[in-house]
Amino acid sequence: KAHKHLKTTQRYTILSGDLKLHLDKKVIALHSGDNFTLNPGIVHWAISKNECWVEIYSQPGWTKEDHILIN
């Protein structure tokens, strides 16, 4: 689901598979071995057609209060 963070920076590392990361109106295709850093304030969501393993590192750590759903 589309959401944003006001405080959290996230680093996505694709461990295996392919992921389409939607950033506002832009789409970035990520593949196994790719890294991407997502800064606060950007509406985003991710879709994978097949299985995809992703490591997401959040700084500061993820909190429910900073996970803001967008309708």
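Odds and ends about this structure:
- Considering residues of region 42-51 that are open to solvent by 20 Å² or more (accessible area, probe 1.4 Å) and assigned to a strand (DSSP E or B) only, the residue farthest from residue 68 (Cα to Cα): 47
- Criterion violated by residue 63 - all others in (1) in contact with a strand residue (DSSP E or B) (Cβ under 8 Å, 6 or more places away or on another chain); (2) among the β-branched types (Val, Ile, Thr); (3) open to solvent by 40 Å² or more (accessible area, probe 1.4 Å) satisfied: (1)
- Selected residue (only one of 38, 15, 6 is at pLDDT 95 or above and surrounded by 15 or more Cβ atoms within 10 Å (Cβ to Cβ)): 38
- Scoring residue 24 on the criteria (1) under 23 Å from residue 6 (Cα atoms); (2) touching a residue at least 24 places away in the same chain (Cβ under 8 Å) leaves a single failure, condition (2).
- Candidate set from region 31-41 (those that are assigned to a strand (DSSP E or B) and under 16 Å from residue 57 (Cα atoms)); member that is nearest to the chain's Cα centre (by Cα): 38
The values are calculated or read from the model by the stated rules, or taken from the named source; none is laboratory data. Only a predicted model underlies this, so the values are computations on that prediction, with no experimental measurement involved. Please note: Cβ atoms are built from the backbone with ideal geometry, for glycine as well, and neighbour counts cover all protein chains shown. Side chains included, ligands, DNA and RNA excluded: accessible areas come from the protein's heavy atoms. Shrake-Rupley method; radii C 1.70, N 1.55, O 1.52, S 1.80 Å.
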